[in-house]
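The values are calculated or read from the model by the stated rules, or taken from the named source; none is laboratory data. Every value quoted in this text rests on a predicted model; they were computed, and no experiment measured them. Glycine gets a Cβ as well: all are built from the backbone with ideal geometry, and neighbour counts include every protein chain shown.
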């Protein structure tokens, strides 16, 4: 993906799916016991697992398309920012 592709890929669907991933990933993160809770480095894996449990609609994409990967990356970045603010 090239930087000039970003405005085209960042549609309302991408933002909506990323917001859902953030919420569902945060719920999964908070349901873990505090002493074994996922850390900063585990967030990409956690978001990918959540995206597999809550896949995008078929009209959005069918898996690892650039829009799906971008939504996952946005979710990871938002969760990392949230964790940094809590530290």
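Here is a yes/no grid of residues against (1) without any contact (Cβ under 8 Å) to a residue 24 or more places away in the chain; (2) under 11 Å from residue 25 (Cα atoms):
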residue: 45; (1), (2): yes, yes
residue: 48; (1), (2): no, yes
residue: 52; (1), (2): yes, no
residue: 58; (1), (2): yes, no
residue: 65; (1), (2): yes, no
residue: 72; (1), (2): no, yes
residue: 77; (1), (2): yes, no
residue: 81; (1), (2): yes, no
residue: 85; (1), (2): yes, no
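Whether any residue in segment 62-78 is in a loop (DSSP other than H, G, I, E, B) and at positive phi is what I want to check. Talk me through it step by step, then tell me what you get.
At the first step, the residues of segment 62-78 found to be in a loop (DSSP other than H, G, I, E, B) are 62-65.
This time we only want the ones that are at positive phi, so: 63.
For segment 62-78, residues in a loop (DSSP other than H, G, I, E, B) and at positive phi: present.
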I'd like to know if segment 52-61 contains one or more residues that are more than 16 Å from residue 14 (Cβ to Cβ), modelled with pLDDT under 80 and not in a helix (DSSP H, G or I). no
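Output the residue which, of all residues in segment 2-26 that are farther than 16 Å from residue 77 by Cα and surrounded by 12 or more Cβ atoms within 10 Å (Cβ to Cβ), is modelled with the highest pLDDT.
My answer is 13.
Does residue 29 satisfy the condition of being at pLDDT below 90, at negative phi and surrounded by 14 or more Cβ atoms within 10 Å (Cβ to Cβ)?
The answer is yes for residue 29.
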